[in-house]
């Protein structure tokens, strides 16, 4: 009997390991598994946003932060001109500032989605994407009253998939933030330090209204 229990334990652990590896190596499973974690969080801990916002945001960040290539995204938001002007220290500083502001904005936006469901599109040729370094994963957000398309742009970074841009209901967040950085830089006479100090991620309602 003990031997049987041991074999069952090994069997279930192997299944869990297989699911985890599939989520890491396949971009569609990667996005879908984390999206469902987010839905579960929104459903089971919705009261946290008003009662303990910091705890709520930390739970979202635990899921969302490892999914994004913040170094690449923050560089894209700065744009080639200002990235080249910036010092190495300024680039690193903006990466941290941008990460914090984006996660805060995302957490606040998610709180407004309520009891939503997210469906991921799995293409028929999903197994043939093994050699791709860049890929798009599409989802549909159903808020109960409306449905919105979400598109994730992913890049393979050190054998792990990372988000490099998100388009929600036609709103390109990467382009939106880049335009904001450019406008802020111009208003600060292209002083990168001042631009970083005054940066606030603002995606409006992130395409959801």
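The values are calculated or read from the model by the stated rules, or taken from the named source; none is laboratory data. Bear in mind the structure is a predicted one, so any value in this text is a computation, not a measurement. Reconstructed Cβ throughout: ideal geometry from the backbone, glycine too, with neighbour counts over all protein chains shown.
General remarks:
- Verdict on residue 83 being buried (at least 16 other Cβ atoms within 10 Å of the Cβ), in a helix (DSSP H, G or I) and at pLDDT 95 or above: yes
- Filter result for residue 96 (in a helix (DSSP H, G or I), under 18 Å from residue 184 (Cα atoms) and modelled with pLDDT under 90): no
- For region 44-76, a tally of residues being closer than 14 Å to residue 34 by Cβ and either without any contact (Cβ under 8 Å) to a residue 40 or more places away in the chain or exposed (fewer than 14 other Cβ atoms within 10 Å of the Cβ) (or both) returns 5.
- Which numbered condition residue 113 fails, given (1) surrounded by 14 or more Cβ atoms within 10 Å (Cβ to Cβ); (2) modelled with pLDDT under 85; (3) outside any loop (DSSP other than H, G, I, E, B): (3)
- Selected residue [under 22 Å from residue 150 (Cβ atoms) and over 13 Å from the mean Cα position of the chain (by Cα)] from 34, 26: 26
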